[in-house]
1. Just to be sure, is residue 79 crowded, with 20+ Cβ neighbours inside 10 Å and in contact with a Gly (Cβ under 7 Å, 6 or more places away or on another chain)?
2. Would you tally the residues in region 150-165 being without any contact (Cβ under 8 Å) to a residue 60 or more places away in the chain and either among the hydroxyl-bearing types (Ser, Thr, Tyr) or in a loop (DSSP other than H, G, I, E, B) (or both)?
3. Please go through region 167-180 and give me each residue that is surrounded by fewer than 22 Cβ atoms within 10 Å (Cβ to Cβ) and among the basic types (Lys, Arg), ordered by number.
4. For region 46-64, which positions are closer than 12 Å to residue 29 by Cβ and either of a type in the set (D, E, K, R) or buried (at least 19 other Cβ atoms within 10 Å of the Cβ) (or both)?
5. How many residues does region 173-194 contain that are within 15 Å of residue 243 (Cα to Cα) and not polar (S, T, N, Q)?
6. Say whether the condition of being of a type in the set (Phe, Trp, Tyr) and touching a strand residue (DSSP E or B) at 6+ places or on another chain (Cβ under 6 Å) is met by at least one residue in region 213-234.
7. Tally up the residues in region 96-114 that are away from the ligand (no atom under 15 Å from the Cβ), in contact (Cβ under 8 Å) with a residue 40 or more places away in the chain and not in a loop (DSSP other than H, G, I, E, B), please.
8. So, residue 125, is that one part of a helix (DSSP H, G or I), within 17 Å of residue 175 (Cα to Cα) and modelled with pLDDT of 95 or more or not?
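The values are calculated or read from the model by the stated rules, or taken from the named source; none is laboratory data. It should be emphasised that the depicted structure is a prediction, and the values quoted were computed from it without experimental measurement. For neighbour counting, all protein chains shown are included, and Cβ atoms are generated from backbone atoms with ideal geometry for every residue, glycine included.
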Amino acid sequence: SVRNKLIAVLLFMVSLTSCSLANENQNTVFITGANRGIGLEYAKQYSAAGWEVIGTTRKPEEATELKATGATLIQLDVTSDEDIAAMKKALQGKKIDLLINNAGVYIRDSDRQSLEFSFSVNTAGPLLVAEALIPNLKKSEHPKIVNVSSRTAILTGAKGKSNAYAISKVGLNMVTRILHSRLSNNNFIVISLAPGRNQTDMGGKKASLTPAQSVPLIMQLMADLTKEKSGRFWYYDGTELPW
Ligand code: NDP
């Protein structure tokens, strides 16, 4: 009957509205270097927790495991200004709640090329990616930027050997402090995070943790972040680290 049809149309409209509300309320995480290692584990676990995941990779055609998480893939080499500009354009108007600047390289040598390349990936990359995504993060009620650093960046822990990785991660910690001071009045939380020694291509097989073990703890840490915790350096287990 006409009445039943009207009811069906009404029910359909109600379901559409609640669907779009659910999408608006869904949290979105943006992860760099999400195709392997700890980054892939964030993609898996945030996706399983019901988040919308945007994961970057340098080679989308090879990122089968990332694709399988249901993430939206973005091609991004963090040393490429063209890639960063294209990413910004593709995401115009999109809300992002959490940016995880996870992509990184480990180079222990300290010749000029190693130093400059480490700085480009580990320090300049996260800063320029964060700056490009500030308009997206501003759309969130509780925007967070997590810069993935390392305990090797702790200044008082310096050993005698020069180490491009450690030096570049110290620079990244300054990026955290600068973004914190610029954005904390806008409700942003910006931290540095040391994820612990993880079994990945970078961490090696002997590392004490698997990403499957560390990522739930890090997700808890990120969920528990408050304004007071911004601008500081946190270990995966929730303890605070000195600069
Ligand atoms: P992996 O080496 O396993 O993965 C590194 C990721 O970064 C890959 O997705 C890689 O992409 C990406 N990446 C590297 N260079 C670039 C670039 N120029 N542009 C974009 N993406 C890039 O590292 P982990 O998962 O172990 O480490 C993740 C983060 O955690 C890093 O920042 C690391 O410094 C930090 N960390 C890790 C520790 C550990 O024990 N594993 C300890 C302390 C800190 P691709 O596949 O294309 O190379």
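1. no
2. Total meeting the criteria: 8.
3. Answer for region 167-180, where residues must be surrounded by fewer than 22 Cβ atoms within 10 Å (Cβ to Cβ) and among the basic types (Lys, Arg): just 177.
4. Passing the criteria: 46, 51, 52, 53, 54, 55, 56.
5. Going through region 173-194, the residues within 15 Å of residue 243 (Cα to Cα) turn out to be 173-178, 180, 190-194.
Okay, now just the ones that are also not polar (S, T, N, Q), so 174-175, 177-178, 180, 190-191, 193-194.
Qualifying residue count for the region: 9.
6. yes
7. First, pick out the residues of region 96-114 that are away from the ligand (no atom under 15 Å from the Cβ): 96-98, 109-112.
Add one more test, that the residue is in contact (Cβ under 8 Å) with a residue 40 or more places away in the chain, and what stays is 96-98, 109-110.
Subset that is not in a loop (DSSP other than H, G, I, E, B): 98.
Number satisfying all stated conditions: 1.
8. Values: part of a helix (DSSP H, G or I): yes; within 17 Å of residue 175 (Cα to Cα): yes; modelled with pLDDT of 95 or more: yes.
For residue 125, the condition - part of a helix (DSSP H, G or I), within 17 Å of residue 175 (Cα to Cα) and modelled with pLDDT of 95 or more - is met.
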